[in-house]
Every structure is written in structure tokens, then in C-alpha cells.
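All remarks here apply to the structure that follows.
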Amino acid sequence: MIRFLLIILAGCNANHAPLENSADASQPKEDAGHTISEPFKGSIVTTWDAEGYADPQIANVLGSLQDNHMNTVSVIATWYQPDRRQPSFARTGRTPTNDSIRAIAAEAKRRGMRFVIKPHIDLTNEEWRGTISMRNETDWTIWFENYRHYIAEYSELANELDADLLVIGTELKQTVSRPEWQLIIRTVKERYDGPIVYAANWDNINSVPFWTELDFIGVDAYWPVSSSRQPTLEELKLANQQWVTKLEELADRQGKQVLLTEFGYQDRDGTTMTPWWVDPGSPDSEEQALAYEAMLSEVTSSSRIHGAMSWMTYKSPLLNVDGFDIIGKPAENVLKDAYALWELPQSD
């Protein structure tokens, strides 16, 4: 079902005022060499409500994360583009306000949790953002100028809130070969002093040319781990081992550590075959738990993976309509046990 047909997009177009640069844009800041002493163990808390992150029940949500040994909360800020060829996009009534983000950031900091901002561009026709690709050079120029203003806003907000990590892009598979990303990265570094990461789709990790300019390699880790609706734990572990090895090899080549900027499975039969989405059908919370166990057993034992954020924790359990949330399901205890034991290897 197409849910967004009535949304009117406005506000993000080519007619922007010039961005003020805090440094010469031709001279990017030297990387600060950000390091961490413990892994990012967290979840993406989601809302598609302008004031959702300011809801009083957010305190209980973050409390549930801490009960599961999570130290990180990641929030999404979604703007909307009509289709993959349209160079303009904008915030809507489904985009969290910056004040709403400030509210959840304050609660996270009050609890001693790390805080991550993860901006998204979604398509209102429900195509995947990884298909965004312009028709011509003029449209690419417009799209990236819009994106530069968009990411500048969240870079400044991340700096204001002393965010522990900023994701500068998510699954924009068809854009990463474009030279404009150099300007995007400079724009971010001029405005935000903390560590930055790009969240590549799992099948696109070796096509990102700018890993060395970021603090971490990011991957939204929805790789298939089974061809069967009745997978075994051993089968799932082996599939994850192969993918973790690929990530470790990439990390060694680039000299960076890896973050799973997203991972997750639905409580539906077949979730290990297509982790990114299974249409409603037979519920299967046991397969979800098995998938979590296999994934986390390999991820938490890798010396090159320094964090993982589960997709997703809803603002309210009543909003759990697509089955990714693990609260109150067998997968919750699997994650809790894995995160309790996860530590980074000690450096020499």
C-alpha cells in the first residue's frame, strides 16, 4: 500500500542561501583520530511523528535498552523525495523536529548513553532509497546541493548535542561513486567535531571510495544467511562468518574499524532468507531469535567490528506492525546475553 500519496513536499530545493563555511572548503579538517573504548551496543529508536522523540514514554524505551545492556541510542531523521529521479526532497509531518531530537538526546545523555543521529532519505512511492539516481548532470548537481544543506543541518545539530556519532548517509547506493561526496564530507567536518560514518548497504561495501576519510566503515547488515525456511544455527553461523570475514578484509585494506549501523530480523517465517523484508505471513519469533544468535556470535567475536545497532525499537510497542522490534520476544534475551559479554579487544 502506498502510504504517502498525500504528502506535499516543500522546502528543500535548489534555491538555498549559500552555506557559511567555517573553514576553507578546499581544505578539509584533519581527522581527529576518534577512538572508542567500548563497542557501540545499541538500537535505532524509530518514530515517524514530528514530536515522537519528545514523547514522555521515550524514557521507558531507553530504560528497556539499558536493561538489555545497550549503551547507545540511534535516531533517524527522515526526509522525503517523491521518486528516485526527483532531485528535491523535504521534511514532512513524519520528520522528527530538531527539538524532538534534542529531547531524546537529553534523555540519553542523562542516562549516560551514547547518542547517534542517522539521517535517511525515503521515497514516497515506497521504492528503496538505494535506487536514487538522477537523469542528468544538472539534476545530480541540484540533488547534491540539496543534500549538502540537509546534512549540514544535522551536522550542526550533532555538534550542538555533542552526539557520539553522525551517519552522513544511508544506503545511497547509486550515489557513492559521485565526486560530490568529497564536498559533502568537508561540509560535515566543518560543522561537527565528532566521529562520522557512512551506512552502506551490505551489497555495496566494496564500492564506497571514501572510507579512508571517515572514522568507521558502516554497513546496514541485511545479508541473506539461509536459503531455507527451517535453517539451523550452524548454517546461519557459517553464513555470517563469511560476511564477517569480508568486513574484516575491508577493514584491513582501509585501516578502519567496522560498525553495523543497522542489523535486524523480523519475527516472520523466512526472515533469514531476506532479512531486509518479509511480507506478512507466518509468525516465527524462534527464527528471529536464531538469526540474532548466529549474527551476534560472529559479530561480537570479531576484533574489527566495534559496534552494532539493531533495527529497530519502536517508540511504542503498539507501533510494532512489521515485526522487527524484539522487546518481549525470545530474541531480546539473545541480544541481552550477547551485549552483556561484548567487549573490545585490549590494544597493545
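The values are calculated or read from the model by the stated rules, or taken from the named source; none is laboratory data. For clarity, every value in this text was computed on a predicted model and none was experimentally measured. Cβ coordinates were reconstructed from backbone atoms using ideal geometry, including for glycine residues, and neighbour counts include every protein chain displayed.
Summary of values
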quantity	calculated
Unmet criterion (only one of (1) in contact with a helix residue (DSSP H, G or I) (Cβ under 7 Å, 6 or more places away or on another chain); (2) surrounded by 18 or more Cβ atoms within 10 Å (Cβ to Cβ); (3) more than 21 Å from residue 115 (Cα to Cα)) for residue 297	(2)
Residue match in the range 249-262 (condition: out of contact with any Asp or Glu (no Cβ under 9 Å at 6 or more places or on another chain), free of Cβ contacts under 8 Å to residues at least 24 places away in the same chain and in a loop (DSSP other than H, G, I, E, B))	no
Sole exception among (1) closer than 23 Å to residue 200 by Cβ; (2) in contact (Cβ under 8 Å) with a residue 60 or more places away in the chain; (3) out of contact with any Asp or Glu (no Cβ under 7 Å at 6 or more places or on another chain) for residue 316, by number	(1)
Close pairs (6 angstrom Cβ cut-off, 6 or more residues apart or separate chains): closer than 13 Å to residue 220 by Cα and without any contact (Cβ under 8 Å) to a residue 60 or more places away in the chain in the range 160-180, among the polar types (S, T, N, Q) and buried (at least 22 other Cβ atoms within 10 Å of the Cβ) anywhere	171/201; 173/201
Cross-chain or 6+ apart pairs with Cβ under 6 Å, the range 44-69 first and in contact (Cβ under 8 Å) with a residue 40 or more places away in the chain, then among the aliphatic types (A, V, I, L, M) and loosely packed, with under 15 Cβ neighbours inside 10 Å	69/340
Filtered residues of the range 241-264 (kept if loosely packed, with under 15 Cβ neighbours inside 10 Å and among the β-branched types (Val, Ile, Thr))	245
Subset of the range 204-213 [under 17 Å from residue 248 (Cβ atoms) and either under 17 Å from the mean Cα position of the chain (by Cα) or aliphatic (A, V, I, L, M) (or both)]	205, 208, 211
Any chance residue 129 is in contact with an Asp or Glu (Cβ under 7 Å, 6 or more places away or on another chain) and either aromatic (Phe, Trp, Tyr) or at pLDDT 95 or above (or both)	yes
Tally, over the range 51-71, of residues that are touching a helix residue (DSSP H, G or I) at 6+ places or on another chain (Cβ under 8 Å) and either over 12 Å from residue 113 (Cα atoms) or surrounded by fewer than 17 Cβ atoms within 10 Å (Cβ to Cβ) (or both)	9
Candidate set: the range 265-284, residues that are among the hydrophobic types (A, V, I, L, M, F, W, C) and under 14 Å from residue 322 (Cα atoms); chosen: the one surrounded by the fewest Cβ atoms within 10 Å (Cβ to Cβ)	277
Flag for residue 114 being closer than 28 Å to residue 65 by Cα and either without any contact (Cβ under 8 Å) to a residue 40 or more places away in the chain or buried (at least 19 other Cβ atoms within 10 Å of the Cβ) (or both)	yes
Positions within the range 295-321 being part of a loop (DSSP other than H, G, I, E, B), farther than 27 Å from residue 257 by Cα and more than 18 Å from the chain's Cα centre (by Cα), in sequence order	316, 320, 321
Restricting the range 322-348 to residues that are part of a loop (DSSP other than H, G, I, E, B) and of a type in the set (Asp, Glu), the residue that is farthest from residue 272 (Cα to Cα)	348
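A quick yes/no check of all residues on (1) crowded, with 20+ Cβ neighbours inside 10 Å; (2) under 18 Å from residue 34 (Cα atoms); (3) of a type in the set (A, V, I, L, M, F, W, C); (4) touching a strand residue (DSSP E or B) at 6+ places or on another chain (Cβ under 9 Å):
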site: 110; (1), (2), (3), (4): no, no, no, no
site: 140; (1), (2), (3), (4): no, no, yes, no
site: 147; (1), (2), (3), (4): yes, no, no, yes
site: 154; (1), (2), (3), (4): yes, no, no, yes
site: 164; (1), (2), (3), (4): yes, yes, no, yes
site: 170; (1), (2), (3), (4): yes, no, no, yes
site: 175; (1), (2), (3), (4): yes, no, no, yes
